[in-house]
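No lab work stands behind these numbers, since they all come straight from the coordinates. The shown structure was predicted, so the numbers you read here are calculated from the model rather than taken from an experiment. Quick reminder, even Gly has a Cβ in these numbers, built from the backbone with ideal geometry, and neighbours come from all protein chains shown.
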Amino acid sequence: MCYVYILKCKDNTLYTGWTVDLDKRIHKHNLGKAAKYTRGRTPVKLVYFEEFDNKIEAQKREYAIKQLSRTEKLTLIKK
């Protein structure tokens, strides 16, 4: 199982990524050992995720979400 996720950072920005282990990845983000973007923005909070059967589907969805505006991402999160 693969996951696409959106995190809310402490500075109120949003970060989108993908992983095969959601809990482990969020833990790494909060330790400052994941994405460079989130290192200075901890703690982060999981606000949205989707499940996929394979890596390719997850990466395509991650790319699509990253193309959305902040407003569109916030609308997605609220669904």
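Here are some notes:
- Pick from region 34-56, criterion of a type outside the set (Gly, Ala, Ser) and out of contact with any strand residue (DSSP E or B) (no Cβ under 7 Å at 6 or more places or on another chain), ranking: surrounded by the fewest Cβ atoms within 10 Å (Cβ to Cβ): Lys36
- Matching entry among Glu62, Glu57, Glu50, Glu72 (being free of Cβ contacts under 8 Å to residues at least 40 places away in the same chain and among the acidic types (Asp, Glu)): Glu72
- Of the residues screened, Asn12 is one that is loosely packed, with under 11 Cβ neighbours inside 10 Å and of a type in the set (S, T, N, Q).
- Restricting region 17-29 to residues that are in contact (Cβ under 8 Å) with a residue 12 or more places away in the chain and surrounded by 15 or more Cβ atoms within 10 Å (Cβ to Cβ), the residue that is nearest to Ile65 (Cα to Cα): Gly17
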